[in-house]
Structure formats: structure tokens, C-alpha cells
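Student: First the structure, then my questions, so here it is.
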Amino acid sequence: MATSVRAERDDSLPPAAPPSSPGSRRRRSSPGGLRSRLYRWDIKAIPYVFIAPFFLTFAAFGLFPLLYTGWLSLNRVELGGDPTWKGLENYTDLATSEFFWNALLNTFTIGVISTVPQLLMALGLAHLLNYRLRGRGFFRVAILAPYATSIAAATLVFAQLFNTDYGMINGLLDWIGIGPVDWESSKWPAQIAISVIVTWRWTGYNALIYLAAMQAVPQDLYEAASLDGASRWRQFISVTIPSIRPTILFTIIVSTIGATQLFGEPMLYGGSVGISGGSGNQFQTLSLLMYEKGWVTGALGQASAIAWVMLLLLLLIGGVQALVSRHNRKKLGG
């Protein structure tokens with residue numbers, strides 16, 4: 001009897017579903033697995049998609065021109081002609097060229113004459129603006145105005161001021177009893193005039209960089225120095241300068257790089273002979289020589305070699321900065 005009742009109950013239950021095969025289980029779970037894989041790929045690929053435009057632009061307008069210029073520097077290339085392999089001959093020609101060494105020396109002297117006074121005045125201005133002055137915001141904006149001025153406009157104005165015949169500078173010198181100075185044809189006066197233009201334009205920019213660094217110096221250091229009886233000058237020498245030393249090194253390197261690439265000011269200052277750096281190449285820089293070789297004489301191979309020499313100089317300057325920075329970090333850490 002019990003057996004028949006158990007059989008009736010078993011007959012009333014629905015039939016058990018057949019066991020699912022592994023293939024059907026994979027088919028049912030495949031949509032979710034595909035979404036998870038797409039999600040993982042999305043998480044990994046999206047950052048590269050975001051930065052891809054920069055690298056593509058850099059490869060097209062930075063890396064390719066750099067490599068192509070390096071290839072041109074190993075060839076004899078003239079406008080409208082086919083390149084001819086020369087190896088390192090362009091570089092050996094530069095080593096024996098008096099125009100190259102003259103341009104290199106001019107670049108160095110103009111860089112020193114413009115960079116040293118520029119950074120010293122920028123430090124002084126930043127130190128003054130770091131104190132509570134009336135109209136401090138106005139002065140901070142005013143010292144940045146030269147940087148916002150067009151190079152062409154500023155250079156043309158200074159060219160009139162330094163004009164040998166009717167310039168204001170010679171007028172002031174004549175008023176105090178000094179004879180007129182040939183600011184265009186003489187080597188050192190011309191380089192000083194160009195350096196004045198560079199100094200006028202970049203002093204305010206560097207002053208704001210120094211000001212930002214000075215405002216990050218802890219006030220406790222100044223208070224402690226004041227309690228020790230240190231004057232403002234002593235605080236500037238013993239507290240401010242050591243605290244902003246990395247910023248000073250940064251501005252020195254950036255200003256040196258800018259002096260190495262100096263082009264617009266001497267070209268516009270010289271007028272019709274600006275590309276050659278004056279009638280006697282007295283203020284021709286490496287950038288002007290590169291432009292003259294490439295687009296005036298048509299020697300693109302030599303111009304490319306000059307460009308690569310400038311690149312090597314900049315890399316050398318960057319290496320010196322890295323070594324000095326590492327030395328300062330070790331010194332502070334020790």
C-alpha cells in the first residue's frame with residue numbers, strides 16, 4: 001500500500017529537467033562575460049585614448065621634424081635640389097667656420113649680459129612686492145606688461161631709442177657730456193642694446209616666479225630671524241635666498257635656454273642687416289646664423305647641423321641643471 005502511494009506521489013511531480021550541457025551553460029553566461037571583458041578593456045584603454053592626441057601631435061610636429069633635421073644635417077641639401085650624403089662633413093665645416101664661432105660667442109655674451117642683470121633685478125622686485133605695499137596688486141600686473149608686449153613692437157621702440165643719430169639714449173649721454181655711441185655698428189654697444197630689450201621684456205616674468213616662491217617660504221623662519229636681530233637685508237640673504245634656491249636655478253636654466261634661442265630681438269633690431277647680425281656680424285646669434293644658412297644661402301644641410309648643435313647645447317645645459325639639483329638634494333638630505 002505504501003509503495004503504491006509513493007508511486008502516485010512520484011507520478012504527480014513534474015519530470016526533472018535534463019542536466020544542462022557545458023556548452024549551453026557557456027552560451028547563457030556569454031553576454032555577461034562579454035560585458036565584463038569589454039568593461040576591463042575600456043578601463044585599460046581609455047587612459048591611452050585620452051593621451052593619444054598629445055603623442056600623435058608630438059610625433060607629427062616634434063619627433064619627426066627632429067629626426068628629419070638630424071638626417072638633413074648628414075646630407076648636402078639645397079633648396080630645390082636632391083640631398084647628397086656627406087656624413088659628418090657639415091659638422092666639421094662648422095668646426096672650422098669663423099662665422100659659427102663668432103655666432104656662438106655672440107650668443108654667449110648676449111646671454112650673460114642679459115641674464116645676469118635680469119635675474120638680479122627680478123629678485124629685487126620680487127622682494128619688494130613680497131611686503132605689504134599700497135597698490136601691490138597693481139604693481140604685480142604692471143611688471144608683467146612688458147612680457148605681454150609684442151617682440152616686434154618692443155624691439156622697434158628700443159631701436160628708435162638707441163638710434164645713433166636722433167635716439168633718446170644718445171641725447172641723454174650728450175646732455176651729461178658723453179659723446180654719441182654707435183649702438184648699431186659697434187659690437188659691444190649693439191649687444192648691450194639687444195640685452196636691454198631682453199632684460200626689459202623678461203624681468204617682470206621672472207619676478208613673478210620669484211614672488212610665488214617667496215610666498216611659499218614659512219613665516220616662522222622670518223620671525224625667528226627677526227627675534228635674533230636680523231635686519232631685512234640679512235633675512236633676505238640668509239632666509240629668502242636659500243629657501244628659493246631651486247627656483248633661482250630653474251630661472252637661470254630657462255633664461256640660458258632662451259638666450260641660446262635668441263632670434264627676434266637681434267633680427268628686428270638690425271633692420272635690413274638683421275639676419276646677418278649687423279654689417280659685421282657683431283650681434284649674429286646661432287639662431288640668426290641657422291636662418292641665414294637655411295633660407296638666405298639655401299644650405300639646409302648646414303642649417304640643420306647648426307640646429308642639432310644648439311640641441312646638444314640645450315641638452316648639456318639640462319644635464320648641468322640635473323646634476324646641480326641632485327647635489328642640492330643630497331646636501332639638504334645630509
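Student: Starting from the Cα gyration tensor of segment 170-306, multiply each eigenvalue by 5, take the square root, and state the resulting semi-axes largest first in whole Å.
Tutor: 41, 23, 9
Student: Something else now. In segment 207-334, what percent of the accessible surface is made up of carbon and sulfur (1.4 Å probe, ligands and nucleic acids excluded)?
Tutor: That share works out to 63 percent.
Student: For segment 32-138, what are Rg and Dmax over the alpha carbons, in angstrom?
Tutor: 26.5, 74
Student: Once the dipole of segment 97-298 is set up with Lys and Arg at +1 and Asp and Glu at -1 on Cβ about the Cα centre, which of Gly298, Gly278, Ile143 lies farthest towards its positive end?
Tutor: The Cα lying farthest towards the positive end belongs to Ile143.
Student: What's the center-to-center distance, using Cα atoms, between segment 78-126 and segment 270-323 in Å?
Tutor: 5
Student: What number, in percent, do you get for the relative contact order of segment 31-113 if the mean sequence gap of Cα pairs under 8 Å and at least 6 apart is divided by its residue count? Show your work: numbers first, answer last.
Tutor: Numbers: 24 pairs, mean separation 10.9, N = 83.
Relative contact order here is 13 percent.
Student: Related question: Identify which of Ile253, Ile241, Ile46 has the largest mean-square fluctuation in a Gaussian network model of the chain, with springs joining Cα atoms closer than 10 Å.
Tutor: Judging by the Gaussian network model, the answer is Ile46.
Student: Pairs of Cα atoms under 8 Å, at least six residues apart: use those to get the relative contact order of the chain, whole percent.
Tutor: In percent, rounded to a whole number, it is 24.
Student: Starting from the Cα-Cα distance between Leu67 and Ile176, subtract it from 0.36 nm times their residue separation and give me the gain in nm to one decimal.
Tutor: Answer, rounded to one decimal: 33.7 nm.
Student: Carbon-plus-sulfur fraction of the accessible area of segment 41-196, 1.4 Å probe, in percent?
Tutor: Carbon plus sulfur share of accessible area: 72 percent.
Student: Another question about this same structure. Could you grab the Rg to Rh ratio for segment 114-220? Cα atoms only, Kirkwood for Rh.
Tutor: 1.08
Student: With r defined as the distance between the Cβ atoms of Ser279 and Glu223 and R0 fixed at 56 Å, what FRET efficiency is calculated, to the nearest 0.05?
Tutor: 0.40
Student: Using the Cα centre of the chain as the reference point, and only Cβ charges (+1 on K/R, -1 on D/E), how large is the resulting charge dipole? Debye, rounded to the nearest 20.
Tutor: Details: 26 positive and 18 negative charges, 430 e Å.
Here the chain has a charge dipole of around 2060 debye.
Student: How would you classify segment 252-300 from its alpha-carbon gyration tensor, with a ≥ b ≥ c the square roots of the eigenvalues: rounded for a/c under 1.5, else prolate if a/b is greater than b/c, otherwise oblate?
Tutor: oblate
Student: If each of Phe250 and Tyr166 carries a label point 7 Å out from its Cα toward its Cβ, how far apart are those two points in nm?
Tutor: According to this spin-label approximation, the distance is 4.6 nm.
Student: With springs connecting C-alpha atoms under 10 Å apart, model the chain as a Gaussian network and identify which of Phe55, Phe162, Phe250 has the largest mean-square fluctuation.
Tutor: Looking only at Phe55, Phe162, Phe250, the biggest GNM fluctuation is shown by Phe55.
Student: Could you check the simple spin-label distance between Ser150 and Phe108, using points 7 Å along Cα→Cβ, in nm with one decimal?
Tutor: Modelled inter-label distance: 3.6 nm.
Student: Now, a different point. With a 1.4 Å probe and all protein chains left in place, how much accessible area per residue does the chain have, in Å²? Write down the numbers at each step before the final one.
Tutor: Working: 21010 Å² over 334 residues.
It amounts to 63 Å² per residue over the chain.
Student: So, one more: Once you have the Cα-Cα distance between Ala230 and Arg40, take 0.36 nm times their residue separation minus that, and quote the gain in nm to one decimal.
Tutor: Answer, rounded to one decimal: 62.2 nm.
Student: Let me ask something additional. Sort Ser226, Ser279 by accessible area with a 1.4 Å probe, largest first.
Tutor: These residues rank, largest area first, as Ser279, Ser226.
Student: Say we join alpha carbon atoms closer than 10 Å with springs in a Gaussian network model of the chain; which of Pro83, Pro189, Pro218 then has the biggest fluctuation?
Tutor: Pro218
Student: Working from Cα positions, state the angle (0 to 90°, nearest 10) between the long axis of helix 245-260 and the longest principal axis of the chain.
Tutor: That helix lies at roughly 70 degrees to the long axis.
Student: Quick check: residue separation of Tyr91 and Trp295 times 0.36 nm, minus the Cα distance between them. What number comes out in nm?
Tutor: 71.6 nm
Student: Based on Cα positions only, what radius of gyration and what Dmax would you give for the chain, in angstroms?
Tutor: Gyration radius and largest Cα-Cα distance of the chain: 34.1, 141 Å.
Student: Just to confirm the number: angle between the C-alpha axis of helix 98-129 and the first principal axis of the chain, 0 to 90 degrees, nearest 10?
Tutor: Tilt relative to the chain: about 80 degrees.
Student: Rg/Rh for segment 55-197 to two decimals, with Rh computed the Kirkwood way over all alpha-carbon pairs.
Tutor: 1.12
Student: With θ set to phi - 60° and the Karplus curve 6.51 cos²θ - 1.76 cosθ + 1.60, what are the ³J(HN,Hα) couplings of segment 146-160 in order, to the nearest whole Hz, using x for Gly and Pro?
Tutor: Going residue by residue, I get x, 5, 7, 7, 4, 4, 4, 5, 5, 5, 5, 5, 5, 4, 6 Hz, with x marking Gly and Pro.
The values are calculated or read from the model by the stated rules, or taken from the named source; none is laboratory data. It should be emphasised that the depicted structure is a prediction, and the values quoted were computed from it without experimental measurement. As a convention, Cβ positions derive from the backbone with ideal geometry for all residues, glycine included, and neighbour counts pool all protein chains shown. Each accessible area value is taken on the protein alone, full model and side chains, heavy atoms only, with ligands, DNA and RNA left out. Shrake-Rupley method; radii C 1.70, N 1.55, O 1.52, S 1.80 Å.
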